[in-house]
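Report on the structure given below.
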Amino acid sequence: MRRFWSMMESASSSWKFAPLSRPFAPAPQRRKLEGIVFDVDGTLCEPQTYMFAEMRSALGISRSEDILEHVYSLPNPEQQHHAMELIRDIERRAMLQQVAQPGLVELMAYLDSRGIRKGICTRNFDTPVNNLLNKFLANTVFAPIVTRDFRPPKPDPAGILHIARSWGLLRQSTGEAGVPADPVAEDERRRSAVEDSNHLSNGEAEGPDLLRTQVGEEVADASRLIMVGDSIDDMTAGRRAGAKTVLLVNDVNRHLADHEHTDMVISRLDELIDVLENGSL
């Protein structure tokens with residue numbers, strides 16, 4: 001039996017996406033869905049959470065430490081590369097046991113039939129991601145695919161905002177931190193920010209994750225997107241980006257059903273079909 005949890009009251013709960021069952025027509029408190037961003041492990045494939053204990057054991061770190069933050073904090077590139085390879089070896093072995101989430105193929109076929117764009121934002125590296133897509137979803141397209149090579153990783157919203165920008169989804173800034181519409185200008189300003197931070201911190205800082213933007217400047221807009229994932233990093237990244245969030249619940253993450261960053265909870269991926277058809281999110 002399908003089960004749904006009601007949406008949390010949030011900044012995004014005053015409006016819903018228009019139903020996909022009929023052509024979009026502008027209406028109060030309705031927005032057009034422009035795309036969906038998916039996590040990978042635990043979302044497109046069934047969870048392989050045992051990997052994290054193996055990774056922490058290989059790195060010699062405690063459960064409370066973030067794996068990628070630990071790797072990036074190592075003092076030189078050689079140590080970082082060695083630590084990252086330890087992680088990748090574990091992921092390469094685990095990817096051979098990947099199992100598709102129930103409802104995966106049905107949901108993707110539906111999204112393709114409705115012309116809904118699909119992207120990926122994951123903390124995995126590209127090999128397990130490509131393995132999953134080739135194995136289960138060879139006839140569907142995900143673009144762009146944001147993997148571990150992109151920094152900063154979730155829960156930072158930058159990956160989702162870069163996907164929004166690549167799809168041409170923009171708005172005018174009110175002066176907050178964000179992702180500028182012009183990638184070249186962003187790179188130049190980021191380099192300048194890093195240099196300023198390094199100067200102030202004797203070379204130890206990396207500069208801001210998101211850049212302070214100017215009032216009226218065009219920036220990436222994720223407010224017409226949905227982030228689907230299974231972790232607090234997914235929910236937080238989606239909420240901070242301005243997207244609606246959907247939690248794919250399991251026995252480990254059930255406590256996130258009531259988290260303030262979770263808009264809707266589903267137990268199977270294909271439950272999203274009725275949600276999108278009827279404009280329930």
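The values are calculated or read from the model by the stated rules, or taken from the named source; none is laboratory data. Worth saying up front: this structure is predicted, and the values here are computed from it rather than measured. Cβ sites come from the backbone with ideal geometry, for glycine too, and all protein chains shown count toward neighbours. For the accessible areas, the whole protein counts, side chains as well, though only heavy atoms, and no ligand, DNA or RNA atoms are used. Shrake-Rupley method; radii C 1.70, N 1.55, O 1.52, S 1.80 Å.
Solvent-accessible area assigned to carbon and sulfur over segment 71-123 amounts to 56 percent, based on a 1.4 Å probe.
Could you tell me the center-to-center distance, by alpha carbons, between segment 253-281 and segment 37-98 in angstrom? Here the two parts' Cα centres lie 27 Å apart. Volume of the convex hull of segment 33-90 (Cα atoms only), normalised per residue: 122 Å³.
Please report the antiparallel percentage of the DSSP beta bridges confined to the chain, to the nearest 5. Rounded to the nearest five, the antiparallel share is 30 percent.
Only DSSP H runs of four or more residues enter the estimate; each adds -39500 (n - 2.57), and after division by the residues of the chain the mean residue ellipticity at 222 nm equals -11000 deg cm²/dmol. Here the translational diffusion coefficient of segment 207-247 follows from Stokes-Einstein with Rh set to the Kirkwood radius across Cα pairs; for 25 °C and 0.890 mPa s it amounts to 216 µm²/s.
Using the charge dipole of the chain (Lys, Arg: +1 at Cβ; Asp, Glu: -1 at Cβ; taken about the Cα centre), state which of HIS261, PHE52, MET108 has its Cα farthest towards the positive end. Selected residue: MET108. Identify, among VAL129, LEU169, THR147, the residue whose Cα sits farthest towards the positive end of the charge dipole of the chain, taking +1 on the Cβ of Lys and Arg and -1 on the Cβ of Asp and Glu, with the dipole about the Cα centre. Sorting the options by dipole projection puts first LEU169. Pairs of lysine residues in the chain that meet both criteria, 8 or more places apart or on different chains and Cα atoms under 20 Å apart, total 9. Per residue, the accessible area of the chain comes to 49 Å² when a 1.4 Å probe rolls over the protein heavy atoms.
Pairs of Cα atoms nearer than 8 Å and 6+ residues apart set the relative contact order; for the chain it is 27 percent. Put simply, the chain fits an ellipsoid with semi-axes of 30, 26, 16 Å; these come from the alpha carbon gyration tensor as the roots of five times its eigenvalues, largest first. Remark on segment 203-281: hydrodynamic radius 14.3 angstrom, per the Kirkwood mean of 1/r across alpha carbon pairs.
For PRO19, the shell of other residues with beta-carbons less than 12 Å away shows a net charge of +4, using +1 for Lys and Arg and -1 for Asp and Glu.
Taking 0.36 nm per residue of separation and subtracting the Cα-Cα distance, full extension of the segment from GLU218 to GLU78 would add 46.5 nm.
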